[in-house]
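Okay, so here's the structure we're looking at.
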Amino acid sequence: MAMAWVWTILVGISVVFGLLHGTMPAVSRAAMEGAAAAVELAVGMAGALCLWSGVMELMTRCGLASKLARLFHPLLRLLLPRASRDAETLSAVSANLSANLLGLGNAATPPGIRAARAMARRCDGVADDELCRLVVLNTASIQLLPTTVASLRSACGCAAPFDILPAVWLSSVLSVGAGLLAARLLSRVWR
């Protein structure tokens, strides 16, 4: 809701300055060009999002997601010991991690919410350390293939949209590490 107010104020200021300086045709032209560019970008990204969301659905249906769950189990047992004991929660966390590894933030959201709800049942209204670590893992997310960013770069005319892979790998590993370290330190401080 706050962003709606911010955008409304910015548009209002633009219109007022356009009227005061006699540049209203330029303001109108810029608004129309921006709207057209936004639609073009959204259509360009929709195809890539559909492709990778379909890949995620195929992974789930063919059982690859459950195999990834078994692969992630030792790591998840270390990070989320109580949650890894519940098969439903472990499956949701694994699907969330798998989607995040593929850079599919949109596809990662439903299993992340499912995992958070299952974990929240044990927390009497206050997030415990494991739930906070899940939020960190979901938010910072290690990405092997940053498909959303690559599709955005491709839609904007980049010739090699995946040339950012080493930087993405390094930054995502560092962000997850820093997030988990902060969660660990803060869990000790708040006790």
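Of note:
- Just one of the listed residues (Val176, Val189, Val168, Val149) is in contact (Cβ under 8 Å) with a residue 12 or more places away in the chain and either on the phi > 0 side of the Ramachandran plot or open to solvent by 50 Å² or more (accessible area, probe 1.4 Å) (or both), and it is Val149.
- When Arg82 is tested against the conditions (1) farther than 16 Å from Asn138 by Cα; (2) open to solvent by less than 80 Å² (accessible area, probe 1.4 Å), the lone failure is (2).
- Number of positions in region 118-152 that are in contact with a Gly (Cβ under 6 Å, 6 or more places away or on another chain) and part of a loop (DSSP other than H, G, I, E, B): 3
- Exclusive hit being out of contact with any helix residue (DSSP H, G or I) (no Cβ under 8 Å at 6 or more places or on another chain), assigned to a helix (DSSP H, G or I) and β-branched (Val, Ile, Thr), set Val27, Val39: Val39
The values are calculated or read from the model by the stated rules, or taken from the named source; none is laboratory data. All of these numbers come straight from a predicted model, not from anything done at the bench. A quick note on method: Cβ atoms are made from the backbone with ideal geometry, for glycine too, and the neighbour counts reach across all protein chains shown. What goes into the accessible areas is simple: the full protein's heavy atoms, side chains included, and nothing from ligands, DNA or RNA. Shrake-Rupley method; radii C 1.70, N 1.55, O 1.52, S 1.80 Å.
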